[in-house]
Amino acid sequence: MGVYINPKDMSKEAWLDENGTVIPEPTEMSTDETSIVCLINNGMFTAAGVMYSQSELDCFTDPNDTRSKTWYSVPTKNLLDPEVSDLARMK
């Protein structure tokens, strides 16, 4: 099961704009201090998946997946807030 951000007090997009930095599509995992988040457009809704493992990153970067994606680098400490995501349960 994936880890997604769903902030309680604002949209995913607004939260990522405040807490993340847009980056090019990554090829490898980031450091312990930063995490990669993919904002993916599913048509009717968006989802913001946290890359908590290399296999998760491999799934999100599958070249056969043509959905629109924006990639962010986010301080991991910001994602550990239970009001934002369930990342703490994966650590």
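Any read-out appearing in this document is the output of simple, stated calculations on the displayed coordinates, not a laboratory observation. All values reported here derive from a predicted model rather than from experimental measurement. Positions of Cβ are backbone-derived with ideal geometry, glycine not excepted, and every protein chain shown enters the neighbour counts.
Quick notes on this structure:
- Between T21 and D62, the contour length at 0.36 nm per residue exceeds the Cα-Cα span by 12.6 nm.
- Structure-based [θ]222 nm, the chain - -39500 (n - 2.57) summed over DSSP H runs of at least 4, per residue, nearest 500: -5000 deg cm²/dmol
- Gyration tensor (alpha-carbon) shape descriptor, the stretch 3-90, a/c threshold 1.5: oblate
- Placing unit charges on the Cβ atoms of the charged side chains and taking the dipole of the stretch 3-90 about its Cα centre, the candidate lying farthest along the positive direction among P26, M44, N78 is M44.
- Going from the residue with the fewest nearby Cβ atoms within 10 Å to the one with the most, T66, T61, T34 rank T66, T61, T34.
- Per residue, the average separation of C-alpha pairs within less than 8 Å and at least 6 apart gives the chain a relative contact order of 40 percent.
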